[in-house]
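**Q** Take a look at this one; I'll ask things after.
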Amino acid sequence: MPSYSPELNPDEQAWNYLKEKLGKAALKTKDEFIKFIRGKMRSLQKSPETIKGFFRLHDTSYACRQCYV
């Protein structure tokens, strides 16, 4: 594996998901930002199908063959 290849790292998909949600938010304070991030990460924890989807991508499918079940 190359020394730097974020597209091959399933963790990066979680961050991309979070950044997509963050881009649509109008947050004015640091507290609003922290509350928003924690809320989105908690909702992601409760969404196993979304997380499995990160492993179904072409670049990350190598990491979890059983996720196709």
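**Q** State the number of residues belonging to the stretch 8-37 that are acidic (Asp, Glu) and open to solvent by less than 90 Å² (accessible area, probe 1.4 Å).
**A** 2
**Q** Applying the selection to the stretch 38-69, what residues are among the basic types (Lys, Arg), assigned to a helix (DSSP H, G or I), modelled with pLDDT of 80 or more and open to solvent by 100 Å² or more (accessible area, probe 1.4 Å)?
**A** 38, 42
**Q** Condition first: outside any loop (DSSP other than H, G, I, E, B), in contact (Cβ under 8 Å) with a residue 24 or more places away in the chain and not charged (D, E, K, R). Now tell me which residues in the stretch 1-37 satisfy that.
**A** Once the filter is applied, which keeps residues that are outside any loop (DSSP other than H, G, I, E, B), in contact (Cβ under 8 Å) with a residue 24 or more places away in the chain and not charged (D, E, K, R), the stretch 1-37 yields 8, 10, 13, 14, 17, 18.
The values are calculated or read from the model by the stated rules, or taken from the named source; none is laboratory data. Note that the structure is a prediction, hence the values are computed from the model and not measured. Positions of Cβ are backbone-derived with ideal geometry, glycine not excepted, and every protein chain shown enters the neighbour counts. Only protein heavy atoms, including side chains, enter the accessible area calculation; ligands, DNA and RNA are left aside. Shrake-Rupley method; radii C 1.70, N 1.55, O 1.52, S 1.80 Å.
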